[in-house]
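Here is the structure we will look at.
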Amino acid sequence: MVTDADGFPTSDFIKRGHHVKVSGEGSKTIVKNDILMGIWQQGAENGCIPSMINYAYNIGQPHLELPFLLEGAIRGHPFAVSLLLNRCYENSEMPCQLSSLCMYWNKMVKNWVGIEEERYVEFLEGAKEWKNYLYNICNICGEQESDLVTLKTCNGCKLTFYCSKECQTIHWEEGTHKNECNRLKILMKYHEPYANKIREQIMRGDDPKFIIPLQKLRNKLGLTRPRMEYEEYLDKKNLDDPRALLFPRNNGTVYVGSWTEMM
């Protein structure tokens, strides 16, 4: 079994993509890119994580990248998580960052790769600094923990901190945390208890279609939504602000799905 640098199985789709890159097939750049995207999309829809990553990385629209990067993340691929955070959740163009979701995925990567993994040293160091910062301030007003101020966590996700009930209410009702918290509840119930087992099965080369916790999680996250439910979001011209689609919906699901069938 051929694997990528993180130990995850590759596929014939990756081989075909490499052949297109180095050969004269589709000699014009636009044609070659279209061929590559078609190959990687096929690979992604067949459960090949390196194909998911290549496909998402080259879409160029974060709200369309997100479902495929999330597919890679829930399967335990640390580079998919890194891209998910950098290109979607920590996107500098976003009105605000999804800090609690970032904390969840940072914890997952640390668990998977350990603290000595050379390829992810920078990622893990950044995650540690961010955790130390976020765990000492109110998420809304920035008030720091002190002898006079005791920060309290969100009862739902336990990852967001507030100095007062007023700040928590603002974040819940006027901010984005209600949606983010609902996404975290899904992950904590349907992903976290099974994360290592799912990752182990994927790295072993098991068919993801038969990994029941994975398929149940995909459904709970909305990744299996019928295409007709989000067709309007696929054309950027229909959107006033595509960045809004990087946030979870009210029930914690994604706006744009990946693939209705098992993958």
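Observations on the structure shown:
- Subset of the stretch 242-263 (residues that are farther than 17 Å from Leu217 by Cβ, within 12 Å of the chain's Cα centre (by Cα) and part of a loop (DSSP other than H, G, I, E, B)): Phe247
- In a residue-by-residue description of the stretch 55-69, the property of being touching a residue at least 60 places away in the same chain (Cβ under 8 Å), buried (at least 21 other Cβ atoms within 10 Å of the Cβ) and not in a helix (DSSP H, G or I) applies to no position.
- Answer residue from the stretch 156-180, given it is part of a loop (DSSP other than H, G, I, E, B) and closer than 15 Å to Pro248 by Cα and is modelled with the highest pLDDT among those: Cys157
- In the stretch 200-215, the residues that are assigned to a helix (DSSP H, G or I) and exposed (fewer than 13 other Cβ atoms within 10 Å of the Cβ): Glu200, Arg204, Phe210, Ile212
- Annotation note: Cβ proximity below 9 Å between a residue of the stretch 240-258 that is in contact (Cβ under 8 Å) with a residue 60 or more places away in the chain and a residue that is among the polar types (S, T, N, Q) and not in a helix (DSSP H, G or I) (sequence gap 6+ or interchain) occurs for Pro242/Gln61; Arg243/Asn91; Leu246/Asn91; Phe247/Thr176; Pro248/Thr176; Gly257/Thr224; Ser258/Thr224.
- Among (1) crowded, with 24+ Cβ neighbours inside 10 Å; (2) free of Cβ contacts under 8 Å to residues at least 60 places away in the same chain - the single one Asp34 does not satisfy: (1)
- Here Glu173 fulfils each of the conditions (1) in contact (Cβ under 8 Å) with a residue 40 or more places away in the chain; (2) farther than 19 Å from Leu85 by Cα apart from (1).
- Once the stretch 177-198 is narrowed to residues that are of a type outside the set (A, V, I, L, M, F, W, C) and surrounded by 20 or more Cβ atoms within 10 Å (Cβ to Cβ), the residue that is nearest to Ile211 (Cα to Cα) is His191.
- Within the stretch 211-225, residues that are touching a residue at least 60 places away in the same chain (Cβ under 8 Å) reach partners that are among the charged types (D, E, K, R) with beta carbons closer than 8 Å, at six or more positions or on different chains, in the pairs Leu214/Arg75; Arg218/Glu71; Leu221/Arg183; Leu223/Glu71.
The values are calculated or read from the model by the stated rules, or taken from the named source; none is laboratory data. Fair warning: this is a prediction, and the values are worked out from it, not measured in the lab. Reconstructed Cβ throughout: ideal geometry from the backbone, glycine too, with neighbour counts over all protein chains shown.
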